[in-house]
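**Student:** The following block contains the structure, expressed as structure tokens.
The values are calculated or read from the model by the stated rules, or taken from the named source; none is laboratory data. Given the structure is predicted, the values throughout are model-derived calculations rather than measurements. Here the Cβ positions follow ideal geometry from the backbone for every residue, glycine too, while neighbour counts run over all protein chains shown. Just so you know, the surface numbers come from the protein's heavy atoms only, side chains and all, with ligands and any DNA or RNA stripped out. Shrake-Rupley method; radii C 1.70, N 1.55, O 1.52, S 1.80 Å.
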Amino acid sequence: YFISAAESYFMQAEVALVYGLGDVKANYDKAVNAAFAQFGLDGSSFVEAGGVYEFPAAGTQEEQFKAIMM
């Protein structure tokens, strides 16, 4: 693979955040789920409200960017 699906979705989330093109949270959630799927795991509970990787939708742009990068 040139890049994984997870990497692609994280990049799309970053573009959506920086340039306002697309849905940041949706792409972030897809990225986290794709990262777990690479190992045959279900990551949906991690992105739900209160989950370890819940996207900080109400956070600052810096907090959101940090979530995407980490």
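**Student:** Against the conditions (1) at pLDDT below 95; (2) under 9 Å from the mean Cα position of the chain (by Cα), where does L21 fall short? Just the number, please.
**Tutor:** Among (1) at pLDDT below 95; (2) under 9 Å from the mean Cα position of the chain (by Cα), the lone unmet condition for L21 is (2).
**Student:** Provide a single number: the residues in segment 19-60 that are touching a residue at least 40 places away in the same chain (Cβ under 8 Å) and open to solvent by 20 Å² or more (accessible area, probe 1.4 Å). Working first, answer last.
**Tutor:** Restricting attention to segment 19-60, the residues satisfying the condition of being touching a residue at least 40 places away in the same chain (Cβ under 8 Å) are 24, 28.
Now narrow it down to the ones that are open to solvent by 20 Å² or more (accessible area, probe 1.4 Å): 24.
Number satisfying all stated conditions: 1.
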